[in-house]
Amino acid sequence: MDNCTGHSHFLLSAFLLTCLFGLSLGTELSFVTCGSVVKLLNVKHNVRLHSHDVRYGSGSGQQSVTGVTTVEDSNSYWSVRGTSGTQCHRGTPIKCGQTIRLTHVNTGRNLHSHYFSSPLSSNQEVSAFGEEGEGDHLDEWTVQCGGAVWQREEAVRFQHASTDALLSITGEQYGRPIHGQREVHAMMDPSQHSLWRAMEGVYMKPSESPLGNKDYSHPLHTEF
């Protein structure tokens, strides 16, 4: 794996897991939980949500967020976290309608949106923002799904909590220096372009301690 230095301290455990195992780990866990480290696939375009320490040359000038076809790239890992004002205990299932943050593991910046225009399609820009996992209220996304909790096999949407726009890809491709990567942006209308599925990753398992209290400290990784 690349970029196994200079990571954020608060994400040390998640980062070490991804560096240690290289390729993503499968798991028998069927839903997404707080503290999990996952890759997110755009179902329509078959690309994974990605970021890297390359800034937009227009708009906000913040760290760019793209979609990539490569499965193994470590820059496509995101940590599922609670908001700055709401605890999200590690291992608890993410509920449909819950507001979360998605933090890019290798840079410690949060998935973010605002009213800047995206560089290719002029939709709403999506960027990565903050330092060591801490940014602002524009880092918050609400999970839209059909049942009680976010199921791994389910295609879900992420609605930006402050602007109501949906995390989307419509297929525009960048040239240099990120040739072939797709533009990620946000759009108001739901469509096939805004459907995402949780894929490879390390999923934190809820477990019971001998005292009967919840113990959220142990990740489940049962198969490669």
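Only one entry of His89, His112 meets the criterion of being at pLDDT 95 or above and either in contact with a Pro (Cβ under 8 Å, 6 or more places away or on another chain) or not basic (Lys, Arg) (or both), and that entry is His112. Every test in (1) modelled with pLDDT of 95 or more; (2) touching a strand residue (DSSP E or B) at 6+ places or on another chain (Cβ under 8 Å) is passed by Ser122 save one, and that test is (2). In the range 114-123, the count of residues that are surrounded by 21 or more Cβ atoms within 10 Å (Cβ to Cβ) and not in a loop (DSSP other than H, G, I, E, B) is zero. Kindly indicate whether any position in the range 44-57 is assigned to a loop (DSSP other than H, G, I, E, B), open to solvent by 30 Å² or more (accessible area, probe 1.4 Å) and either touching a Cys at 6+ places or on another chain (Cβ under 9 Å) or modelled with pLDDT under 95 (or both). Within the range 44-57, one or more residues are assigned to a loop (DSSP other than H, G, I, E, B), open to solvent by 30 Å² or more (accessible area, probe 1.4 Å) and either touching a Cys at 6+ places or on another chain (Cβ under 9 Å) or modelled with pLDDT under 95 (or both). Here the range 124-152 is the region considered, the condition is being among the β-branched types (Val, Ile, Thr) and under 21 Å from Met187 (Cα atoms), and the residue that is most open to solvent (accessible area, probe 1.4 Å) is Thr142.
Can you confirm whether the range 89-111 contains a residue that is more than 19 Å from Arg157 (Cβ to Cβ), in a loop (DSSP other than H, G, I, E, B), in contact (Cβ under 8 Å) with a residue 24 or more places away in the chain and hydroxyl-bearing (Ser, Thr, Tyr)? Yes, because at least one residue in the range 89-111 is more than 19 Å from Arg157 (Cβ to Cβ), in a loop (DSSP other than H, G, I, E, B), in contact (Cβ under 8 Å) with a residue 24 or more places away in the chain and hydroxyl-bearing (Ser, Thr, Tyr).
The values are calculated or read from the model by the stated rules, or taken from the named source; none is laboratory data. Remember, predicted model here, so these are calculated numbers, not experimental data. We place every Cβ from the backbone using ideal geometry, glycine too, and count neighbours over all the protein chains shown. Keep in mind that these areas ignore ligands, DNA and RNA; they rest on the heavy atoms of the full protein, side chains included. Shrake-Rupley method; radii C 1.70, N 1.55, O 1.52, S 1.80 Å.
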